[in-house]
1. Tell me which residues, restricted to region 34-45, are under 13 Å from the mean Cα position of the chain (by Cα) and in a helix (DSSP H, G or I).
2. Give me the residue from region 72-82 that is under 16 Å from Phe44 (Cα atoms) and not β-branched (Val, Ile, Thr) and, out of that set, least open to solvent (accessible area, probe 1.4 Å).
3. With under 21 Å from Arg92 (Cα atoms), open to solvent by less than 60 Å² (accessible area, probe 1.4 Å) and in contact (Cβ under 8 Å) with a residue 40 or more places away in the chain as the only criterion, which of Ala27, Ala37 stands out?
4. Taking only region 40-71 into account, find how many residues are open to solvent by less than 50 Å² (accessible area, probe 1.4 Å) and of a type in the set (Val, Ile, Thr).
5. Collect the residues in region 54-110 that are among the small types (Gly, Ala, Ser), closer than 15 Å to Ile16 by Cα and modelled with pLDDT under 90, keeping them in residue-number order.
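The values are calculated or read from the model by the stated rules, or taken from the named source; none is laboratory data. Treat the numbers as computed from the prediction; the structure is a model and nothing was measured. We place every Cβ from the backbone using ideal geometry, glycine too, and count neighbours over all the protein chains shown. Side chains are part of the model used for accessible areas, which takes the heavy atoms of the whole protein and leaves out ligands, DNA and RNA. Shrake-Rupley method; radii C 1.70, N 1.55, O 1.52, S 1.80 Å.
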Amino acid sequence: MQGFANFLWLLSMALIVFSGFALIDAATRREDAYRAADKKTKPFWLIVLGLAFVVNLIFNILSFLPIIGLIATIVYMVDVRPALRSLPGGGRARRGSSSDGPYGPYNGGR
């Protein structure tokens, strides 16, 4: 029985890490990328993935709530994330230099 308990603990930790990675990935994507990819909104996915993460922290792997959270995380990782990554810039928040204007870098009038 100890081996099965250890397996369930490892599985639970893997679910927590998986849902945490998806949550962090969703948080680092731009808001407009979700609309451009025609995938719900960023707040929607942050709420869903945040709930999945919290449920995985609180509940035992054998209950049905972590399974629902796992399904939501898989949907994000398999459907939404590839659509966001296919956009120019990967849907990531751009960190440009301080001389960047709204239409690109300022080149000093050259």
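1. Matches in region 34-45: Tyr34, Lys42, Pro43, Phe44, Trp45.
2. Going through the qualifying residues, I end up with Tyr76.
3. Testing whether each residue is under 21 Å from Arg92 (Cα atoms), open to solvent by less than 60 Å² (accessible area, probe 1.4 Å) and in contact (Cβ under 8 Å) with a residue 40 or more places away in the chain leaves just Ala37.
4. Narrowing region 40-71 to residues open to solvent by less than 50 Å² (accessible area, probe 1.4 Å): 42, 45, 48-50, 52, 55-56, 61, 63, 66, 69-70.
From what's left, of a type in the set (Val, Ile, Thr): 48, 55, 61.
Total satisfying the criteria: 3.
5. Ser63
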